[in-house]
Structure formats: structure tokens, C-alpha cells
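All of the numbers you see were taken from the coordinates with simple rules; none came from a lab. From a predicted model like this one, the values you see are computed outputs, not experimental measurements. As a convention, Cβ positions derive from the backbone with ideal geometry for all residues, glycine included, and neighbour counts pool all protein chains shown.
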Amino acid sequence: MADSSEGSSVPENSAPQGLSRRRLFGAVGAGAVLAGAGAVVGRVTADNGNSADHDDVVAFRGDHQAGISTPAQDRMHFVAFDVTTKSRDELIALLQTWTAMAERMTKGEEATEDGATGDGPYAPPSDTGEALDLAPSQLTLTIGFGPSLFDDRFGLADKKPAALLDLPHFRADNLDPNRSGGDIAIQACANDPQVAVHAIRNLARVAFGTASVKWSQLGFGRTSSTSTTQATPRNLFGFKDGTANIKAEDPEVLNEHVWVNAVDDQEWMAGGSFLVARRIRMLIEQWDRAVLKEQEAVIGRDKRSGAPLGGKDEFDELDLDSKVGHDFVIPADSHVRLASAQELGGIQILRRGYNFTEGSDGFGHLDAGLFFVAYCRNPVEQFVPMQQNLSRHDALNEYIQHVGSAVFACPGGLSSGSYWGSTLFT
């Protein structure tokens, strides 16, 4: 949960309506893929009511991986893998295959050329086909490597960043090991859920024999804005979430708090970031019985406007000193206060979470919550102290429970000809 946001402008080019994915990219051509992760290029269909969200292509290669500071899409499919081979060469080969497939799919192409139907009637298709005729939907695919990958299997121990540590146990954590950790994570974000699912499904399919899915999470309704061009969304408690997030339009803040510098530790992480994932179950029924005044006091914001308590506008600065009598206007145990940079000595992280619902549990309660995803330059110095402060004092803890946890090191963006992990394995 935690207060946040980031983004960039979306240049658009018009072209005839109704192009298939293959025709669409035949029309665009290879030259349409621009350098610079997060840049959005190649809109080639005319407006049809939803084309602005579905026809754009986000560049796959650039200084940073796409899917971090890229304006947050509406849907997510996140997956964590265990590497099952002990062969370094087989792992590198998988990463090279994944890279080629990922680059194609972010352009709206099949995972392999003509893979859905062109491999002949007696071979399993090399693309599962459910994204045929769908637009690129601003698909981004972002890879990260977990602490467990740096054991003695692949000769990577001396490449492990000092900040890549399993997160400590926080007060009230109730973690499920089947929803935590993993050797490799891939985050797929898109504005069409079928496009995101298609991407992860095909990457998981070709990993057979080399890596297997450990856990995964689907998400909808981004819970933060990562661009000044995006409105602040609401979480499943009905509050605006991510108002104070880092924005893509502020490169200095990104450099200070999100992107790893080559001199920080491991050179292979230059331009990358650390991904923190936390699956947070929201106790919806308990929250829905709380009166509005209590809800707003717990969060520290007005529910309708999103303004901090005592303020008028959503983007008003937090006034942490104002009091009514002996009590702070923004309560001392409110979520927004405890997660704020003012409270944490300037700490900021880039939030990129999603809502989830997975039906009901065995007691008839809604199994729903927030899949919290955040990026930072050093999780030990940024996320850990923030979460320690929240886990000890946050009034919101009465209404949430952390049930999954993971951290991954995401390398910088790819140059021409390089593959996911190429800086790590050379």
C-alpha cells in the first residue's frame, strides 16, 4: 500500500484501422523500434475507441529496462521461476531465447515467426496463438534475478550485489513460501490482459527442462501513477494510491532513488534497479465495516479528493506538524505519514503495484488485495527501513496482511544484440 507515482508523453502516428498484428508490424518495420526504454512508438492504427491504450509499442531496448519508469499499464502478469538445470550454458541459452521472444512479443509479433500455425500439422505450435490479431497493448517485459540464483550452481557468487538479500521478517508477516522468492522473475505489463498472459505463457512454455514456474500473480487496475500524464488510481479500499510516487518526468529523482549506478557495487547492474514484490491480502470485510472517519484517519487522506487531512488538493504537501488540540491532524499512526519521505529521512521508492481478486476464501471472505511492486536503487537502505516503520506503527496493519515476499535484481537495459543477463554472464 504506501503512497506513490511516474510517466512520459506518448507520441502517436496514425494509420489505417483493422490491421492484424503481423500486418501492423510489417507496416511499421524494424526501424520503428526506438532506443530508450519507456519510449512509446509505432502507433499505426486509427482511433477506434481504445487504440490509444492498445496499439502503442514500448521500445524493448534502451538504457533501462522497460516496465519500470514506463507509464504504468492497466494489467500485469508476474511470474517467478526456479531454475531447474545446473548447466550455465543451458541457462544462458534460455535467456537468449527468452530475449528474442520477448522482443518480438512487445512489438505485437508472435513469439516465433509464424509460430502459431506455421510449424506444420504434426508439431506443437511454437506460439500459443491467443494474441493473434490483438494489438501490442504497450506490452513491457522486465526481468530480474533473485538472491538464490547466486549460489554455487552457475559461478555467479562473486557477482551478487550486496543489496540483493532476502527481505527480513517484518512484524505481522504471514508469508506463504509458495508465493515467495524465486531464481528469476519476469513482470509483464500491458493494457490487454490476454497480451500479458500470452507473453508469460510462451516464456514459461519454452523454459521446460531449464526453469519451472514457482509462483505467479495476475493484477488489474494499476494502484499508482508513474507519470504526470496519468490520473491517480484507487486501491480496493477506495482510496487514491500513489499520489506521492516518483514520476518518469523527474530523471534526477529516478537517478537518485531508482537507477543503480555502476559505482554502487556490481558494474553489471548499471542502469538497473531492484524489484521488491509483496503480496498484501486486504481484509475487505473488516475495512467495509469501518466508518469513513476511521478509514480516512488510517490512511491520512480524504477519501474523495485524495488530499492529505487538513489539505484541500490531492497534491498538497503533507503538513505533519499541524495539530488539533494535542493530536496531529494527520495521525501519528496513519499510513501516509509513516510512508512519507519526510518521515523517512528522504527515502523514496518507485511504486508500481496492482489490485488482485481471486474469488473467495473458504470462509466466504473476498480473497483480494494489492500486489505491491516497487523499484529502488538499494532495497536494504530504502524499502527495508520503510517497511519496518510501517510494520511497527501503521494503523492499516489491522486491515492488511503480507502473505508473499520477494526481491530481484533487474539489470540495465539492452543494447543492440545483447540478451537478458548478458552483463551478468560475461
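Counting lysine pairs in the chain that sit 8 or more residues apart in sequence, or on different chains, and whose Cα atoms lie under 19 Å apart gives 11.
Measuring gaps between exposed loop sites in the chain (chymotrypsin sites (Phe, Trp or Tyr not before Pro); DSSP loop; at most 10 other Cβ atoms within 10 Å), the longest gap, sites not included, is 209-362.
Here's the picture: charge each Lys and Arg Cβ at +1 and each Asp and Glu Cβ at -1 in region 144-268, and of ALA244, LEU165, GLN217 the one pushed furthest to the positive end of that dipole is GLN217. The value of relative contact order for the chain, using C-alpha pairs under 8 Å at least six residues apart, is 23 percent.
Here the translational diffusion coefficient of region 126-236 follows from Stokes-Einstein with Rh set to the Kirkwood radius across Cα pairs; for 4 °C and 1.567 mPa s it amounts to 77 µm²/s. This model, with +1 at the C-beta of Lys and Arg and -1 at the C-beta of Asp and Glu, gives the chain a dipole about its Cα centre of some 440 debye.
Cα extents for region 225-382 along the principal axes, largest to smallest and rounded to whole angstrom: 51, 45, 29.
What GluC sites (Glu not before Pro) does region 319-426 have in DSSP loop regions with at most 14 other beta carbons within 10 Å? Taking region 319-426 and a limit of 14 other Cβ atoms within 10 Å, the loop GluC sites (Glu not before Pro) found are GLU381. Evaluated at q = 0.10, 0.13 Å⁻¹, a Debye calculation over the C-alpha positions of the chain (equal weights, vacuum) places log10 I(q)/I(0) at -0.68, -1.13. Taking trypsin sites (Lys or Arg not before Pro) across region 295-350, the ones in a DSSP loop with at most 12 further Cβ atoms lying within 10 angstrom of their Cβ are ARG304, LYS312. With a Förster radius of 45 Å applied to the beta-carbon distance between ASP152 and HIS326, the computed FRET efficiency rounds to 0.20.
Computed extension gain for ASP264 through ASP316, at 0.36 nm per residue and net of the alpha carbon distance, reaches 15.3 nm. The helix-only estimate of mean residue ellipticity at 222 nm for the chain, built from DSSP H runs of length n ≥ 4 each weighted as -39500 (n - 2.57), is -5500 deg cm²/dmol after division by the residue total.
What residue among ALA231, ALA297, ALA211 shows peak mean-square fluctuation when the chain is described by a Gaussian network model with Cα springs under 10 Å? Fluctuation is largest for ALA231. Computed from the C-beta positions of ALA93 and GLN342 and an R0 of 45 Å, the FRET efficiency is 0.40 to the nearest 0.05. Gyration tensor analysis over the Cα atoms of region 116-168 returns equivalent ellipsoid semi-axes of 38, 18, 8 Å (largest first, whole Å). Here the gap between ASN178 and GLU398, fully extended at 0.36 nm per residue and compared with their Cα-Cα distance, gives a gain of 76.8 nm.
The orientation-averaged projected area of the convex hull spanned by the Cα atoms of region 55-206 comes to 11.2 nm². Of the GluC sites (Glu not before Pro) found in region 53-147, those that fall in a DSSP loop while having at most 14 other beta-carbon atoms within 10 Å are GLU113, GLU130.
Label-to-label distance, LYS86 versus PHE363, with points set 7 angstrom from Cα along the beta-carbon direction: 4.4 nm.
Centre-to-centre separation between the Cα atoms of region 394-426 and those of region 322-381: 19 Å. Which of rounded, prolate, oblate describes region 282-346, given a ≥ b ≥ c as roots of the alpha-carbon gyration tensor eigenvalues and a/c under 1.5 marking rounded, otherwise prolate only if a/b is larger than b/c? Prolate is the answer for region 282-346, as a/c is 1.5 or above and a/b outweighs b/c.
Reported to the nearest whole Å, the Cα centre-to-centre distance from region 196-247 to region 92-138 is 21. Note on ARG234/PHE170: beta-carbon distance plugged into 1/(1 + (r/R0)^6) with R0 of 22 Å gives a FRET efficiency of 0.30.
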